[in-house]
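Comments concern the structure below.
Read-outs throughout are calculated quantities, based only on the coordinates presented, and are distinct from any laboratory measurement. Fair warning: this is a prediction, and the values are worked out from it, not measured in the lab. A quick note on method: Cβ atoms are made from the backbone with ideal geometry, for glycine too, and the neighbour counts reach across all protein chains shown.
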Amino acid sequence: MIFSRRQLIERGSAALLAAGALLKTRAGARPLGYTPVVTPNGSTLPWKWENGVKVFHLVAEPVRREFTPGLVVNCWGYNGQTPGPTIEVVEGDRVRILVTNKLPEKTSVHWHGIILPNGMDGVTGLTQPGIEPGETYVYEFTVRQHGTMMYHPHADEMTQIAMGMVGFFIIHPRQPEVRIDRDFCIFLGEWRIQADTATPVAFEMTDFNYFTFNSKVYPGTDPLVVKRGQRVRVRLANLSMDEHPIHLHGHTFWITGTPGGRIPRSAQWPETTVAVPVGSTRDFEFLADNPGDWPLHCHKTHHTMNGMEHDLPNMMGVTQKGTKAQELLPEIMPMGENGMDQMSEMQAEMTDARGKPRQEPDPVQGSTMTFPPNTVPMGSAPGPYGTIAMGGMFTVVKIRDGLTSYADPGWYKAPKGTVSHRVGGAARKAAAIYTCPMHPEVQSDKPGQCPKCGMQLQP
Ligand SMILES: [Cu+2]
């Protein structure tokens, strides 16, 4: 029997189908040829081969996302997540992406940064009709470039992006220039969520109060766990309303990529902070040769705080007892008299060991202070040396010797003699007056608890 070339190919694929379940469900069944990207607090979208095409399925839908223990937010996203799962392909791949709309309004998906036929660009009204609730549309194109791209709706953009509808579209080069051991991607986001509510104010333009890495705020953000000596890439994407300068401690990195692809080596530059412009992505790479717990965070200081309100009087250096604010809002503490530290220490007392805010009184600690529902501290995470007064866009890159897994290894144990420590006398405490942060009229010359609310008195 003689087969034509075409028949052979068809027979070949039929034979493959028999054993096909494996290939279809496990995309990793053939060698990937790249280090898969890790999406902290997220995942990668599975795909299946169909006659040489990588087929993906995105479902646009409402999503409930716990930004950190104690704060659950009504978002919109894809496949139960915000950001949507990361799409990961290789330069030259033919991709088909089915998009099903389970939102209450029409949507579309724009493949941000990708060069494709005009009709696949996903702009509602311009290049296609909107995908109505209940409908499924198909996008298909061949990727002819590499880089860190994004996907997002081009339909009611203000609402849908503000509600969390963003995702990474990573295209690996066919022939990588460097070998990367750990490749992370982090989507930057900002939200306005009023105290005691769970739905973001989608029309907020400037005054955001939660700033997220992959729709999580610290301490809810996963650490980036790395073995000493590994080459690390971090890909950052920004579809928020502000630029975010993301800073890494303990290392110099090189800015190596944009949605336009890899920056030629001669044009890469060393940095410690990378400004990620709105509507773009930035990749940076470094050699993880310095073990420790190294912060990776936005350097806009308000972007590492949770639930901050700004429409308040300046209380810095002001005795709060007897002020109008105290009179009008007896339960609200606008800001510590000596800075915010007082506030984080106070809020730390109101959280459990995991940094989760207490919504019930704590009889053990004797405190009756609790957080309003669905509200978290501005920054009061438990750290190895006390309270870490950070929230928002903050995580820790944990670089270690001798790791056998990428599970959180706990806090860094610094070698003896390498930690900053006190020299000279003890802290000023002699003439301290102890007051209740919530009831400044309560004053004592020794530590204790406020008879009104049970809070620990502060010096
Ligand atoms: Cu920022």
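Just to be sure I understand: of the beta bridges DSSP finds with both ends in the range 28-298, what percent are antiparallel, rounded to 5? Don't jump to the answer; show the numbers that get you there.
Details: 56 of 79 bridges.
If I count the DSSP bridges inside the range 28-298, around 70 percent turn out antiparallel.
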Amide N proximity, the range 82-109 versus residue 51 label position 7 Å along Cα-to-Cβ, cut-off under 18 Å: 93-98
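Hey, what's the Kirkwood Rh for the range 131-171 if you take every pair of different alpha carbons, in angstrom?
12.2
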Potential extension, residue 404-residue 96 segment - 0.36 nm per residue separation minus Cα distance: 107.2 nm
Distance between modelled label sites at residue 194 and residue 309, nm, 7 Å Cα→Cβ extension: 1.1
Distance violations [Cα-Cα > 22 Å] among 216/356; 48/227; 227/300; 227/413: 48/227; 227/300
Separation of alpha-carbon centers, the range 236-279 and the range 33-98, rounded to whole Å: 23
The range 374-418: Rg to Rh, with Rh as the Kirkwood radius over Cα pairs: 1.04
Calculated P(r) of the range 28-298 - Cα pairs past 29 Å, %: 30
Inter-probe distance in nm under a simple model that places probes 7 Å from Cα toward Cβ, at residue 252 and residue 126: 4.2
Extension gain (nm, one decimal) between residue 159 and residue 118, 0.36 nm per residue minus Cα-Cα: 12.3 nm
Label point 7 Å beyond Cα of residue 135 along Cβ direction - residues of the range 107-126 with amide nitrogen under 11 Å: 107-108, 124-125
Sorted by Cβ neighbour density within 10 Å, fewest at the top, the residues 107, 258, 351: 258, 351, 107
The range 203-287 - Kirkwood radius from inverse mean 1/r over Cα pairs (Å): 14.3
Nitroxide proxy distance, nm - points 7 Å out along Cα→Cβ at residue 201 and residue 428: 3.8
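State the extension gain, in nm to one decimal, for the chain segment bounded by residue 181 and residue 105, taking 0.36 nm per residue of separation less the distance between their alpha-carbons.
That works out to 23.2 nm of additional length.
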Debye intensity ratio I(q)/I(0), log10, the range 86-138, q values 0.28, 0.31 Å⁻¹ (C-alpha model): -1.21, -1.32
Proximal aspartates and glutamates to residue 102, defined as alpha-carbon separation beneath 17 angstrom and excluding residues fewer than eight positions away on the same chain: 61, 132, 135, 156, 157
Neighbour-count order for 103, 126, fewest beta carbons within 10 angstrom listed first: 126, 103
